[in-house]
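Working notes, beginning with the structure itself.
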Amino acid sequence: MQKGKVWKYSDNIDTDVIIPARYLNTSLPEELAKHCMEDTDLIFSKEVKKGDIIVAGENFGCGSSREHAPIAIKASGISLVIAKSFARIFYRNAINIGLAILEHEKLPDECSKDDVLEFDLTNGIVKNINTNKEYKCTKFPDEIQKMINSGGLINYTKDKLKI
């Protein structure tokens with residue numbers, strides 16, 4: 001089980017909010033992390049800690065197909081993003097770069113900023129430590145979990161090919 005503090009956001013958080021276009025002149029993860037969420041939350045990049053969790057409403061990651069958005073989130077230290085739903089391209093990009101994501105219809109409405117969540121990705125279980133409420137999320141198939149655990153598609157492929 002892993003745990004982290006919640007950073008809570010609303011519906012329709014788009015990729016321009018996650019990482020503003022003015023910072024897309026780099027693809028260095030540590031540089032992107034410095035500006036993650038800054039147009040919607042000025043303190044996020046300064047106060048986020050390794051292991052923290054983003055919880056959001058519907059359609060998280062809508063907008064452009066830039067891979068920079070999940071890279072910025074992962075590089076900021078976020079261990080998991082839980083949303084009611086994800087934009088399709090963000091969903092796949094997150095898996096491809098090894099950012100753990102889960103969908104749950106009710107959890108985002110039933111937790112608050114700074115709550116602490118404990119999670120088990122293998123079994124799709126999330127527990128809110130503050131409310132003692134447990135949620136069952138749809139877990140990924142084993143191969144997708146292996147891809148996320150290995151750090152994304154490139155590392156997963158190297159492992160499979162023994163490169």
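No value in this document is a laboratory result; all are computed from the given coordinates. Predicted model, so just to flag it, every value in this text is computed and none were measured. All Cβ positions, even for glycine, are placed from backbone atoms using ideal geometry, and neighbour counts span all protein chains on display.
Short version: ³J(HN,Hα) in whole Hz for each residue of segment 30-38, in order, from phi by Karplus 6.51 cos²θ - 1.76 cosθ + 1.60 (θ = phi - 60°), x for Gly and Pro, what are they?
For segment 30-38, the Karplus curve yields 5, 6, 4, 4, 5, 10, 4, 6, 5 Hz.
Binned at 10 Å from 0, what are the whole-percent values of the Cα-Cα distance distribution for segment 48-88, short to long?
Bin by bin from 0 Å, the calculated values are 30, 56, 15.
Determine the dipole magnitude for the chain: charges of +1 sit on the beta-carbon of Lys and Arg, -1 on that of Asp and Glu, nothing else is charged, the reference point is the Cα centre, and the result goes in debye to the nearest 20.
Values: 23 positive and 24 negative charges, 108 e Å.
Rounded to the nearest 20 debye, it is 520 debye.
Taking Rh as the Kirkwood radius, which is the inverse of the mean 1/r over Cα pairs, what is the Rg/Rh value for segment 2-161?
Taking Rg over the Kirkwood Rh, I get 0.94.
Loop only by DSSP, 13 or fewer other Cβ within 10 Å of the Cβ. Give me the trypsin sites (Lys or Arg not before Pro) in segment 62-151 that pass, ordered by residue number.
On the way: sites: 66, 74, 84, 88, 92, 106, 113, 127, 133, 136, 139, 146; in loops: 66, 84, 106, 113, 139.
For trypsin sites (Lys or Arg not before Pro) across segment 62-151 that sit outside H, G, I, E and B with at most 13 neighbouring Cβ atoms in 10 Å, the list reads 106, 113.
Take the residue pairs 34/84; 3/113; 49/158; 8/50; 5/146; 74/106 and return only those whose Cα atoms are more than 18 Å apart.
On the way: 34/84 26 Å; 3/113 14 Å; 49/158 29 Å; 8/50 16 Å; 5/146 24 Å; 74/106 24 Å.
Among 34/84; 3/113; 49/158; 8/50; 5/146; 74/106, the Cα-Cα distance tops 18 Å for 34/84; 49/158; 5/146; 74/106.
Restricting the count to DSSP beta bridges whose residues both fall in segment 2-161, what percent are antiparallel, rounded to a multiple of 5?
Numbers: 12 of 24 bridges.
Rounded to the nearest five, the antiparallel share is 50 percent.
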